[in-house]
Each structure stands twice: as C-alpha cells, then as structure tokens.
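Below you'll find the structure, written out as structure tokens, and then a few comments.
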Amino acid sequence: MKVNLKNREFNSRVIGTAVGTIGVVSSVISFFDFSVTFRFRMLCALIVLGVCYYCWLLYKANHLESLTLNYGESEIEIKQGDIFSEEYKKDNTFRTFAFNEYFDTKVDEEIISKNSLNGQFINREVPNISDLDEKMSNDLHLKNNISCVNKKRVVGDKHISYELGTIFKYSDNVFLTAMTYFDNENHAHLTVQEYQKFLIHFWDEINNLYNSQTVVIPLLGSGAVTRLDGNIYSSNQILEIVLFTFYLRRIKFRKPAHLVILLDQETNKKINYYKIRSMFNGLQK
C-alpha cells in the first residue's frame, strides 16, 4: 500500500475535513428541538459516513494512475503510455530518447540492447544508421558540446564523448540526448550529482530547442540506471529528481511548456502519485 493508515499528512487532511464537517452539522442540529436519541443516531451516522469517506479517499489515493501538475503557464503530465504510439508522432511533439555520452548507435546486445528504448528507436525508426552517425558527427551543436576525445576507447566505434544533457535534433519529432557515462566494460554509470547535472543541462537544451512544442520523455534514469553511486533508487525517487530539476530550470523557459512523462505499466504501478502531488503541491493543477 502506497498510502497507509499511518500517513500523517493524509490523516491530517482527511480527518480534519471530516471533523470539521461533523462539527458544522452538529452545530446546525443544535438549533432544532430534536430528541437526545435522534441526535445520538445522527452522530453515529455521521461517524459511519466519515469512516466510509476516509476509506474511499484512502482507496483513491492508492489507485491514482496519472497526475497533471501546473507551474506558471507550463503543464506536466505524468501517466502510463507508449512513446512509440502514433499519438506522440505528431508534428507539434518532440519525443526524447536517451543515449550514452558517445551517442553509440550499435544495437548488438553489448553496447545497446534491442529491448532498451533507444535500441527500439534505432531498429524501428532509423532506416540508415550510417546516415545518422554522419549527421551527428557533422552537427554543429554537438561539436560545441564535446566533452573529450577518447582515442583509447576499446568498445564501440565512436571516440568523441559529449556533455551529458546535450541534445541532438534527429528530426522534427525526435530529440536524442546524452544521458550516461560509459566505461570500457559497456556499463552505464552515473552519480546522483552527475544525474542532476545531466537533467539541468537537459532542461536548458529543451528550452533552446522545443519551440513551444510538446516534449515527451520516458522516465529518464529509470531502469538499468536506477543504481546511482552504488545505491538503488526507486522509480518514485527518480521521478522526484526529474520534477525538482524541471522546477528549478523552468524559470529560464521563455515560453509555456507542455511536458509529458511516460511510464511503462510496471513503473506506473510503483509510483506514489499521492506523495508526488503532495511534494509538488505548488505545481498541482
């Protein structure tokens, strides 16, 4: 149970509302000449209704499946969805896929798994990988965000790494971003500080490129990269970091933004939307 009977914030809100309602009804009843028996029965009925109301809200809090948050003129939707669906392949929408710092494109189960989102993107939507690699190597924006040239790299065909958070605009509907460092054993790795730095740069890049269009992202950092600094972070904690950094960088956005965070079915079940809504109450719609 995501929200249990010991949740202080939930209890204070619900019980406070229930007690207040009972107090108002009791005050109204006191103005009428009802018998003691009738008043006692009315009080019992109100208590029963209050308990039912508490149970209903508790059930509802534990079965939230989506959330919409507002911050200024920007809107954030968090929900279950498929980033490959036709719904998000519109001209006014940018889908985002995360790659490693080298923007590797080789789907070989060693560097990129065919089951990962970027692996699926390459296999489904990139007709010519050589053309994609060439476009990236000649892209001026990527050249301005080079982190280093690693000629000693023994895995993969690429040796130029880019600053985390850097975005390559693949098409009018797709952004690719460098999200993780990659070691010589094909392992993605990040510290919490590096993850936050990635997100801050990522939001700045979005601000420069999104052109008031809807931006659709998966839960960046969820899955295999949920281990940061050797510690395991829940999907809920990852989502909190994503929202917190967006909140920090949103002040730089020149135009209203519409952000959609898509979760797969299993991840969506794990998200405590009640807690997220409470934490980002200032954003709540």
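The values are calculated or read from the model by the stated rules, or taken from the named source; none is laboratory data. Bear in mind the structure is a predicted one, so any value in this text is a computation, not a measurement. Neighbour counts run over all protein chains shown; Cβ positions are idealised from the backbone, glycine included.
Before moving on, here are some points about what is shown:
- Residue in the stretch 44-63 that is loosely packed, with under 14 Cβ neighbours inside 10 Å, of a type in the set (Gly, Ala, Ser) and within 30 Å of residue 172 (Cβ to Cβ) present: no
- Selection count where residues are assigned to a loop (DSSP other than H, G, I, E, B) and either closer than 21 Å to residue 174 by Cβ or among the acidic types (Asp, Glu) (or both), scope the stretch 64-85: 7
- Residue in the stretch 192-205 that is modelled with pLDDT of 90 or more, farther than 23 Å from residue 91 by Cα and polar (S, T, N, Q) present: yes
- Contact map, the stretch 263-282: first residue in contact (Cβ under 8 Å) with a residue 60 or more places away in the chain, second residue assigned to a helix (DSSP H, G or I) and among the aromatic types (Phe, Trp, Tyr), Cβ cut-off under 8 Å, separation 6 or more or different chains; pairs are 274/10; 280/247.
- Residue match in the stretch 58-67 (condition: charged (D, E, K, R) and over 30 Å from residue 15 (Cα atoms)): no
- Residue check for residue 168: assigned to a strand (DSSP E or B), closer than 22 Å to residue 205 by Cα and either under 27 Å from the mean Cα position of the chain (by Cα) or not aromatic (Phe, Trp, Tyr) (or both): yes
- Set 186, 173, 138: member being surrounded by fewer than 16 Cβ atoms within 10 Å (Cβ to Cβ) and within 27 Å of the chain's Cα centre (by Cα): 186
- Among residues of the stretch 97-115 being of a type outside the set (D, E, K, R) and in contact (Cβ under 8 Å) with a residue 24 or more places away in the chain, the one that is nearest to residue 186 (Cα to Cα) is 111.
- Some residue of the stretch 118-130 being loosely packed, with under 14 Cβ neighbours inside 10 Å and either in contact (Cβ under 8 Å) with a residue 40 or more places away in the chain or outside the structural domain of residue 206 (by TED's automatic domain parsing) (or both): yes
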